[in-house]
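Everything on this sheet refers to the single structure shown next.
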Amino acid sequence: MSDKNLREIAQTLDLMNPPEGFVDSPFPFYDALLEYAPVLRQPDGSVLVSRHADLDAIYRDTTLYSSDKQAMFGPKFGVGSPLFEHHTTSLVFSDPPLHTRVRKIMTSALTPRAIARMEPGLIETVDALLDDMAGRGQVDLIADFASTIPIQIIGNLLDIPMDERGPLRDWSLSILGALEPALTDAQLQQGHGAVRDFKSYLRDLVARRRAHPGDADTDVLTRLIRGEGVDEQLGETELLQNCIFILNAGHETTTNLIGNGLALLNDHPDQRQRLLDDDRLISSAVEEVLRFRSPNQFGNRLTTAEVELGGLRIARGTNLHLCIGAANRDPAVFANPNCFDITRKPNRHLAFAGGPHVCVGLTLARLEGRVALGRFLKRFPDYRIRQPRCRGGRIRFRGYAALPSIL
Ligand code: HEM
């Protein structure tokens, strides 16, 4: 493609109507955005921001850039609807002081100690899945491996009984799917139904846990119910909606980290061999998967005052789409950004965002990535992913719906 074409593609890119090929592979489009239109006005008035430095600054500043989505989700979901209540009560879409209070309770529940204690259970879960796959030869790496691990781990975190975990994945996909820029009525109704069912399930679980509290050192739900003293407790709706949020936040994202990692190691045999030769590279390999194919490709913020970005004056109340996927390939920060290099250091990617809203579960997600990818590769060093792969088909969350493979 000529430079003229690339410039035109970048300057006319509309996230609500992405150009052909964008959903399948947005990365060439990101390169064009970084080069020709790093701050781009969208037809609906919102603004698409792609540079690493801009995202980094925006994430750090909760005064100029708000996470509160009441104004945006009212028209999108209907004020008072189940999706509206969920997405406006969860901490990710709130500002201080509500955010500070909920985050404090959440981080005090997800302690490094609680996470470290999960490692033996995680290894057991991963090894059981590997044993099961070994008996079959042909598998789907998403259904049989990547999606099962986080649902079990988050299930363990809240100590959800094993036989009650079945519906969690579909609820989670429907609720997060409702955040896509363009939605069908069926997707919307599915999302509302999922919040209703999830909330009613959790109300019952919380009542049981109040009656029989778990070990507060390891049971995050018991910690969330208890809060931080009398003054720092979550109200009932806050508690239920933030439990739903933890389950959702840790599910599809981590599935995609593992699935994307397996696909990348399949497609880059030299990097797979390096990891097989030296398993101490597993931590930097996980970081590179997070950078190169970030599970969350986009974040959002709302301007609270007029700002200027990349020479563009942006009015108060403008929705910003923060393109994490592009920022993570910004040549101003990463040498050879389109090269997948599992030894890359430093690797200042923004896959977990940054600033006061930086991902609460990043230590757990990294642990899951290391254990899942490391142990899989040791057990099945010659695995091959077959065509056709089935993509998740979303632009905000990037991953695969199915990865048929031979072990
Ligand atoms: C690879 C896996 C994961 C990725 C890529 C990821 C990514 C992110 C990102 C980008 C944000 C910031 C959103 C924003 O402010 O715009 C975030 C927030 C959050 N994540 Fe994660 N996440 C992952 C796994 C997890 C896990 C396992 C958990 C829970 C155990 C979790 C819990 C949270 C919570 C509670 C927040 C909200 C933090 C706040 O608003 O203060 N995440 N995550």
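The values are calculated or read from the model by the stated rules, or taken from the named source; none is laboratory data. It should be emphasised that the depicted structure is a prediction, and the values quoted were computed from it without experimental measurement. All Cβ positions, even for glycine, are placed from backbone atoms using ideal geometry, and neighbour counts span all protein chains on display. Side chains are part of the model used for accessible areas, which takes the heavy atoms of the whole protein and leaves out ligands, DNA and RNA. Shrake-Rupley method; radii C 1.70, N 1.55, O 1.52, S 1.80 Å.
For the chain, with only Lys/Arg (+1) and Asp/Glu (-1) charged at the beta-carbon, what is the dipole magnitude about the Cα centre, in debye rounded to 20? In debye, rounded to 20, the chain gives about 240.
Accessible area per residue, 1.4 Å probe, Å², for the chain: what's the number?
Value returned for the chain: 42 Å² of accessible area per residue.
Take the Cα of Val23, step 7 Å toward its Cβ, do the same at Val358, and the gap between the two points is 3.5 nm. By a straight-distance test (C-alpha under 30 Å), which lysines pair with Lys378 as possible cross-link partners, with residues fewer than eight away in the same chain excluded? The qualifying lysines are Lys345.
Computed from the Kirkwood radius of its Cα pairs, the Stokes-Einstein diffusion coefficient for the chain at 4 °C and 1.567 mPa s stands at 59 µm²/s. Taking Arg103, Arg389, Arg370 as the candidate residues, the one with maximal mean-square fluctuation in a Gaussian network model of the chain, Cα springs under 10 Å, is Arg389. State the answer as a single residue: which of Ser67, Gln42, Phe77 lies farthest towards the positive end of the charge dipole of the stretch 32-77, with beta carbon charges of +1 for Lys and Arg and -1 for Asp and Glu, about the Cα centre. Sorting the options by dipole projection puts first Phe77.
Under 21 Å from the Cα of Lys199, which lysines turn up, not counting those fewer than eight places away in the same chain? Here the lysines satisfying the reach criterion relative to Lys199 are Lys69, Lys76.
Enclosing the Cα atoms of the stretch 179-281 in their convex hull gives a volume equal to 181 cubic angstrom per residue. For every helix of n ≥ 4 consecutive DSSP H residues, a contribution of -39,500 (n - 2.57) applies; sum these over the chain, divide by its total residues, and give [θ] at 222 nm rounded to the nearest 500 deg cm²/dmol. So the calculated ellipticity at 222 nm is -15000 deg cm²/dmol.
Here each label is just a point 7 Å from Cα along the line to Cβ, and for Asp215 and Thr107 those points are 2.6 nm apart. Of all the options Leu309, Leu110, Leu364, the one that moves most in a Gaussian network model of the chain with Cα springs shorter than 10 angstrom is Leu309. Cα centroid separation, the stretch 167-202 to the stretch 11-47: 27 Å. Spin-label model, Arg274 to Asp163: label points 7 Å out along the Cα-to-beta-carbon direction sit 4.9 nm apart.
To check you understand DSSP bridge types, tell me what percent of the beta bridges within the chain (both residues inside) are antiparallel, rounded to 5. Antiparallel: roughly 90 percent of the beta bridges in the chain.
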